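The values are calculated or read from the model by the stated rules, or taken from the named source; none is laboratory data. As the structure is a prediction and not an experimental result, all values here were calculated from the model. Reconstructed Cβ throughout: ideal geometry from the backbone, glycine too, with neighbour counts over all protein chains shown. Keep in mind that these areas ignore ligands, DNA and RNA; they rest on the heavy atoms of the full protein, side chains included. Shrake-Rupley method; radii C 1.70, N 1.55, O 1.52, S 1.80 Å.
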Amino acid sequence: MDNKKKILVVEDEATLQKALNDVLVQEGYNVLSALDGMLGLDLALKEKPDLILLDVILPKMDGFEVLKKLRENDSQIPIIILTNLSDISDIQKALDLGATTYLVKADFHLDDVLKKIKETLSKN
Amino acid sequence: MINKIIYKVFFKDCRENNLGLWQCPGFLFLMMGFINIASMLGVYVIVREYNVPELVVFSVSAVSVIIFSIGSSAINGFQQIAKANKMKSEFVSIASHQLKAPLSGMRWATDILLRDKNKCLSDKQAEYLKDIQENTSRMIRLINDLLDVSRIESGKMDIGLQTVDLSGILKTVIKELSSFALANNAELVVSVDKDLGSVKTDSIRIKMVMQNFIDNAIKYIGSENGIIKISLKNKGDEVVFTVEDNGSGIPEKDQKKIFDKFFRSGNIAKKQTIGTGLGLYIAKAAVESSNGSIGFESKEKKGSIFWFRLPARNS
Ligand SMILES: Nc1ncnc2c1ncn2[C@@H]1O[C@H](COP(=O)(O)OP(=O)(O)OP(=O)(O)O)[C@@H](O)[C@H]1O
Ligand SMILES: [Mg+2]
């Protein structure tokens, strides 16, 4: 039996994808990655991860769209939006669409991102 | 003196925006004024001398055409100034977002190398990596500041007002700045009232304001044994945050410009090169959009006290 928590990372920037992947594996999570929104949505629906890290500006389908589709699909998976858009209007839009929390990448160290992930997982 | 005023009122914006004289609204309005007066007098003279109605009609229409074309030229000038401003803030916003992606990459990559679980670095290597991290953080802060400036200028600095825990935020800020204080021989003395009441502001922005007050007090300490008194007090229907230092102070002639964009006072700009002069400009916008007020008192070579007040509701 594999009872590791499964996390899906939807991020197109290679360095960030790699860093998140490494840190999450080090912390003992099962990691799935998608480099575009379409694949992200597919994996989310098929694999039913315990948590999704979702970028907003993505090829093929943007993060807001993915978020909307997932919530329309009645999926309750916690979703952390991880982006560099920092306008209040973007934050509000993500929360309105049903994001669990919103993090601005450049303002957070990896350890802070990790802390948020643990917090979110323990609440659900 | 009068030359200067005329220049400032009529021409300055045009010079800054690269507009020629005949596109410059200030200058065109001045001309329009003169033409108006001259043509009034002209019509008066014509009527008195010749008493030919056709001539009056002709000259009035001619003047109208001239005024109309000058007017449309002026409007054109206004539009160009507006366009230039819009382009400037769009540029800042696009450039900043594009810079944030690679900087996040640098921050996270060095985060990984510096993690406890990757303890394979020599002390020297770790030290240099920390330097990279610090420099990355400085760039990120600069970009965030520029973004805030462009938001303020385009009137889009909406801030989310929520009930915040000011003393908790202060604790974090002090923890983050304690090693910087130590490195500058500055002692931080903190006093916080137990019950602060409930305060509504934007937690990220107000944290930046507190950070900048304390960061300034440490940076501009200018002496060997700096003492910085930090306090959060409940004053009835207001919470007052103050940071008092015994540092280099601000020369009298610079005091009215302290909250201006990019302004740095001459007494410190030479000694302390780190800083862009945006901290207090943004702080003022942030505090005021939370319905608060901000200010300071300072004496050169003696020290300064910076404060902000936010409305509070006592429970
Ligand atoms: N505690 C202080 N003591 C002396 N001078 C100060 C103090 N606080 C602010 N100043 C003066 O006000 C100027 C503007 O401060 P501000 O925080 O806006 O910019 P900065 O610290 O130079 O740069 P940054 O944008 O990085 O904050 C400073 O450059 C300095 O001249
Ligand atoms: Mg400052």
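Taking the protein assembly as shown on its own, what percent of its Cα-Cα pair distances exceed 33 Å? Counting pairs separated by more than 33 Å, the tail of P(r) holds 53 percent.
Of the three principal axes defined by the Cα atoms of the range B:105-177, the extents in descending order read 48, 29, 18 Å.
Pairs of alpha-carbon atoms within less than 8 angstrom and 6+ residues apart define the contacts here; what relative contact order does the range A:6-118 have, in percent? Mind dumping the intermediate values first?
On the way: 177 pairs, mean separation 26.3, N = 113.
Here the relative contact order equals 23 percent.
The residues of the range B:138-160 listed by number as losing at least 30 Å² of accessible area in the complex, against the isolated chain and with a 1.4 Å probe, are B:R151, B:D158. When only alpha carbons are used to place a centre, the range B:179-200 and the range A:30-109 end up 37 Å from one another. As a fraction of the 1.4 Å probe accessible area of the range A:6-118, surface on carbon and sulfur atoms comes out at 51 percent. Among the residues of the range B:98-137, those with an accessible-area drop of 30 Å² or more from chain alone to full protein complex, heavy atoms and 1.4 Å probe, are B:K100, B:A101, B:S104, B:G105, B:R107, B:W108, B:D111, B:I112, B:R115, B:K117.
No disulfide-compatible partner, judged by a Cβ distance under 4.7 Å, exists for the following cysteines of the protein assembly as shown: B:C120.
Run the numbers on chain B and let me know its relative contact order in percent, using alpha-carbon pairs under 8 Å that are six or more apart. Intermediate results must be reported in sequence, preceding the final value.
Values: 399 pairs, mean separation 42.2, N = 315.
Result for chain B is 13 percent.
Beyond a 24 Å Cα-Cα separation, which of these cross-linked pairs lie in this structure: B:K119/B:K171; A:K105/B:K175; B:K100/B:K207; A:K68/B:K207; A:K115/B:K194; B:K194/B:K302? Exceeds cut-off: B:K119/B:K171; A:K68/B:K207; A:K115/B:K194; B:K194/B:K302.
What ranking, highest mean first, results for peptides B:56-62, B:23-29 when packing means the other Cβ atoms within 10 Å averaged over each residue?
Working: B:56-62: 12.6, B:23-29: 19.9.
Final packing ranking: B:23-29, B:56-62.
This model, with +1 at the C-beta of Lys and Arg and -1 at the C-beta of Asp and Glu, gives the protein assembly as shown a dipole about its Cα centre of some 820 debye.
Apply the a/c threshold of 1.5 to the C-alpha gyration tensor of the range B:218-278 and tell me whether it is rounded, prolate or oblate. Write out the running numbers ahead of the final one.
Details: a/c = 2.39, a/b = 1.46, b/c = 1.63.
Oblate.
Counting Cβ atoms of other protein chains within 10 Å of each Cβ in A:101-111 and taking the mean gives 6.
Can you give the accessible area buried between chains B and A, summed over both chains, with a 1.4 Å probe, in Å² to the nearest 100?
Details: alone 20040 and 6950 Å², together 25040 Å².
Approximately 1900 Å² gets buried when B meets A.
Overall, the range A:6-118 carries a charge dipole of about 300 debye about its Cα centre when +1 sits on the Cβ of Lys and Arg and -1 on the Cβ of Asp and Glu, all other atoms neutral. Across the range B:162-311, the mean sequence separation of Cα contacts (distance under 8 Å, 6 or more residues apart), normalised by length, yields a relative contact order of 24 percent. Taking the dipole about the Cα centre of the range B:162-311, with the C-beta of Lys and Arg at +1 and of Asp and Glu at -1, give me whichever of B:V209, B:A269, B:G222 is farthest to the positive side. Among B:V209, B:A269, B:G222, the one farthest towards the positive end of the dipole of the range B:162-311 is B:A269. The Kirkwood radius of the range A:6-118, taken over pairs of alpha-carbon atoms, gives through the Stokes-Einstein law at 37 °C and 0.692 mPa s a diffusion coefficient of 239 µm² s⁻¹. For chain B, the fraction of 1.4 Å probe accessible surface lying on carbon and sulfur atoms is 59 percent. Helix hunt in chain B: which complete DSSP H runs extend at least 18 Å axially by C-alpha with mean Kyte-Doolittle at least -1.0? Qualifying helices, which must be both long enough and hydrophobic enough, are B:25-50, B:53-113, B:123-153, B:166-183, B:203-219. The residues of the range A:73-98 listed by number as losing at least 10 Å² of accessible area in the complex, against the isolated chain and with a 1.4 Å probe, are A:N84, A:L85, A:S86, A:D87, A:I88.
Rounded to the nearest 20, the Cβ-based charge dipole of the range A:72-124 about its Cα centre (Lys and Arg +1, Asp and Glu -1) stands at 220 debye.
Heavy-atom accessible area with a 1.4 Å probe sorts A:L95, B:L166, A:L43, largest first, into A:L95, A:L43, B:L166.
For B:D195, what accessible area in Å² do you get when you roll a 1.4 Å probe over the heavy atoms of the protein chains, rounding to the nearest 10? For B:D195, solvent-accessible area is about 90 Å².
Out of every Cα pair in chain B, what percent are spaced more than 33 Å from each other? Could the numbers behind the result be given before it?
Working: 23288 of 49455 pairs.
Considering chain B, 47 percent of its Cα-Cα pairs are separated by more than 33 Å.
Projected onto its three principal axes, the C-alpha set of the range B:162-311 covers 41, 29, 23 Å, listed from the longest axis down.
For the range B:1-156, the square roots a ≥ b ≥ c of the C-alpha gyration tensor eigenvalues yield an a/c of 1.5 or more together with a/b exceeding b/c, which makes the shape prolate. Considering only B:I70, B:I174, B:I221, the Gaussian network model of chain B with Cα springs below 10 Å gives its largest mean-square fluctuation to B:I70.
Which whole-number value in Å² is the accessible area per residue of the protein assembly as shown, probe 1.4 Å? Intermediate results must be reported in sequence, preceding the final value.
Values: 25040 Å² over 439 residues.
Counting only protein heavy atoms, the per-residue value for the protein assembly as shown is 57 Å².
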